[in-house]
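First the structure, in the form of C-alpha cells, and then the observations on it.
Bear in mind that the values in this text are calculations on the coordinates, not laboratory data. Source: prediction; values computed, not measured. Ideal geometry is used to build each Cβ from the backbone, glycine not excepted, and the neighbour counts take in all protein chains shown.
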Amino acid sequence: MKDSTRLRGLYAITDSKLLAEGRLLPYVEAALKGGARLLQYRDKSSDEARRLREADALQELCARHGAQLIINDDAELAARLGVGLHLGQEDGSLAAARALLGRQAIIGATCHAQLPLAEQAAREGASYVAFGRFFQSQTKPGAPSAGPELLREARARIGLPIVAIGGITPETAPSLIAEGVQMIAVVHALFAADSPAEVERRARAFSQLFNTP
C-alpha cells in the first residue's frame, strides 16, 4: 500500500498523563474503533520495559483495526517492532532513522511553522511533514502558530502528505482539510474524555470529515 493511501485521516497521539491509570489500551482501542488511521505512541519516560510492553500491545490493536502505529522519538523501539517513527527537531537524524528502518517504514517529522524544516525533512526521506500549532494547544501552548498560507506553500513545494496539529477540533478541522491537509493529529480533543465511548464518538466525528471526496 502506498503512503498516499494510508496516510490520510485521523492521527491519534497518546499522552501519558491523559491515559494513565489503565486508560491507555481501552481509550486507544476506542479511538481506533472510531476510525483513527494512525496512532502515535508518545511516552517520554525512561521505563524501557514498560514502553516496549505498551508499544507491543498498541501494535496488536493497530493491526486488528487496520491502522498504523508510529513511535515517537525512539528509532530503536520502532525498528524492534517493525513500525513507523516520528521525530521532533531535537530527536536525532531523520536520514539515519531512514537507513535503520528501511524504505517502507513511515517516518514523520515535526516542522513547527517553518517550511525550510519541511523541505529538509523531505530531502532526508520523510514520509510526511507535520505543521502546527494551528490553534491554541494544551500540549504545546507556547509553540509558534501556523496558518493556511504555510499549507498552500507546502503543498506547492513539498510533495509529501501534510499533518496538522495543535488545538484542532471537529469544528476547526474542515478548514484545514480544505487546504489540502491529509491528516489531523489530535491529543486532548480526543483523549481528554470521561470514557472509551466518548473517545470513540469523538474519533468518529473527526474521521467522518475525511469521508467526503
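Which label belongs to the value computed from this structure, given these candidates for mean projected area of the Cα convex hull in nm²: (i) 14.7; (ii) 13.6; (iii) 10.7?
Structure-derived value, by its label: (iii).
Suppose only helical runs count, i.e. DSSP H with n ≥ 4. What mean residue ellipticity at 222 nm does that imply for the chain under -39500 (n - 2.57) per run, divided by all residues and rounded to the nearest 500 deg cm²/dmol?
-11500 deg cm²/dmol
Describe numerically, in nm with one decimal, the distance between label points set 7 Å from Cα along Cα→Cβ at Arg6 and at Ala57.
Between Arg6 and Ala57, the label points sit 2.4 nm apart.
Tell me, what ³J(HN,Hα) does each residue in region 181-192 have, in order and in whole Hz, if you take phi through Karplus 6.51 cos²θ - 1.76 cosθ + 1.60 with θ = phi - 60° and put x for Gly and Pro?
5, 8, 9, 10, 9, 9, 10, 5, 5, 9, 9, 7
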